[in-house]
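The values are calculated or read from the model by the stated rules, or taken from the named source; none is laboratory data. These numbers come from a predicted model, not from an experiment. Cβ placement follows ideal geometry from the backbone for every residue including glycine, while neighbour counts extend to all protein chains displayed. To get the accessible areas, we keep the full protein, side chains included, count just its heavy atoms, and leave off ligands, DNA and RNA. Shrake-Rupley method; radii C 1.70, N 1.55, O 1.52, S 1.80 Å.
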Amino acid sequence: MPDDVEPFEDDPGPPYGQWPGLAPETQGPSALAPEEAARLALEELMADPYGDGQGSHLALVPAGRSADIPVAMGWDADVPLEQLCWMLRSWEDRFGACVVVFQGSSIFISVTRPPRTLEHATHIALEHVLTGADNINDGTTPFPRYAASLIDAHLWHFWWD
């Protein structure tokens, strides 16, 4: 961490002194089928009392990969779409990530191969920080807790104001 940056009082931040590179893909046989990961992600979304699906619509978007959907549909969020799509493509390849829902300035992603260890989740969480998403960078969730929440999580959520 740069000398002139103070971490949040209760948040030590990422445990890296320098960029460690991209997290490796999740290894092992525990991958779910994409349809099963999407079903689990949607069940989790529907179980959220604040995410009841009101006002949701089904959309077919002409995109070769789910990672290209934000640009293809002209999603209007306070995020550099090309950079986000690059990250989504990378996560699609390494973790079986698939865009499943947009809700305002939020994006929900199903994951077939989430991290299974805290060390791997911490490395992936650093990539999540780099998206600039407000739900990760707003200082309300300490980095270690956010990283731990990714272990075996088949739903990743990002929002930007």
The helix 34-47 Cα axis meets the longest alpha-carbon principal axis of the chain at an angle in degrees, between 0 and 90 and rounded to 10, of 80 degrees
The answer for chymotrypsin sites (Phe, Trp or Tyr not before Pro) in region 62-133 that fall in a DSSP coil and have at most 12 neighbouring Cβ atoms within 10 Å is none
Label model pair Asp138, Asp152: point-to-point distance (7 angstrom along the Cα→beta-carbon line) in nm is 2.8 nm
Quick calc: nm separation of the 7 Å Cα→Cβ label points for Ser90 and Met46 -> 3.4 nm
Simple spin-label estimate for Ala72/Ser105, 7 Å along Cα→Cβ, in nm, reads 2.5 nm
Helix 118-130: inclination vs the chain longest Cα principal axis, degrees, rounded to 10, gives 80 degrees
Exposed GluC sites (Glu not before Pro) being those in a DSSP loop with at most 15 other Cβ atoms within 10 Å, the longest stretch of the chain free of them is 26-161
Summing -39500 (n - 2.57) over every DSSP H run of at least 4 residues in the chain and dividing by its residue count gives a helix-only mean residue ellipticity at 222 nm, to the nearest 500 deg cm²/dmol, of -10000 deg cm²/dmol
Share of accessible surface on carbon and sulfur in the chain, whole %, 1.4 Å probe and ligands ignored, is 55 percent
With the 1.4 Å probe rolled over protein heavy atoms, the chain has an accessible area per residue in Å² of 57 Å²
